[in-house]
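Undergrad: This structure is in structure tokens; I'll ask about it shortly.
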Amino acid sequence: MTPVTRQEVLGLYRKIFRIAKKWQSASGQIEETIKEKEYIINEAQTLFRKNKNVTDPKLIKQCIEECEARIEIGLHYNIPYPRPIHLPPMGLAHKQGRMLRHQEKLRKISKPIYLKSHDEVS
């Protein structure tokens, strides 16, 4: 990892903790705010620890982009949790066969960047 990339990653890590420190839930309830702050901190720690040994520059760039996207979406909607994706249900495909595999492949491709690591951790 280059020194510039390292500084960028550490800056994002600090930014997340600053956001968590100032976080206020949309409902305004103290219990909800505390729960959301803990979620932000735990999610950041889990994902940064999981990716600490990543050395591929493309993968590092992808992780940084995902982090920035999740920060922006969380601040914009005032929701710390990843936003769900809205894809049509797989009701048209048979339970097995080529159509099911094709729909599963399309779902995987259409998944937004901010949800790539969420499924791996959760």
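The values are calculated or read from the model by the stated rules, or taken from the named source; none is laboratory data. Everything numeric in this text was worked out from a predicted model, so none of it was measured. FYI the Cβ positions are ideal-geometry reconstructions off the backbone, even for glycines, and counts take in every protein chain you see. Side chains included, ligands, DNA and RNA excluded: accessible areas come from the protein's heavy atoms. Shrake-Rupley method; radii C 1.70, N 1.55, O 1.52, S 1.80 Å.
Undergrad: Provide a single number: the residues in the stretch 22-36 that are free of Cβ contacts under 8 Å to residues at least 24 places away in the same chain and either within 16 Å of Gln7 (Cα to Cα) or in a helix (DSSP H, G or I) (or both).
TA: Qualifying residue count, the stretch 22-36: 7.
Undergrad: I'd like the full set of residues that are out of contact with any helix residue (DSSP H, G or I) (no Cβ under 9 Å at 6 or more places or on another chain) and open to solvent by 90 Å² or more (accessible area, probe 1.4 Å), limited to the stretch 30-43.
TA: Ile30, Glu31, Lys35
Undergrad: Within the stretch 44-55, is there a residue that is surrounded by 12 or more Cβ atoms within 10 Å (Cβ to Cβ), in a loop (DSSP other than H, G, I, E, B) and in contact with a helix residue (DSSP H, G or I) (Cβ under 6 Å, 6 or more places away or on another chain)? First the steps, then the outcome.
TA: So the first thing to find is which residues in the stretch 44-55 are surrounded by 12 or more Cβ atoms within 10 Å (Cβ to Cβ), and the list is 44-48, 50-51, 54.
This time we only want the ones that are in a loop (DSSP other than H, G, I, E, B), so: 51, 54.
Filter once more, keeping what is in contact with a helix residue (DSSP H, G or I) (Cβ under 6 Å, 6 or more places away or on another chain): 51, 54.
Within the stretch 44-55, one or more residues are surrounded by 12 or more Cβ atoms within 10 Å (Cβ to Cβ), in a loop (DSSP other than H, G, I, E, B) and in contact with a helix residue (DSSP H, G or I) (Cβ under 6 Å, 6 or more places away or on another chain).
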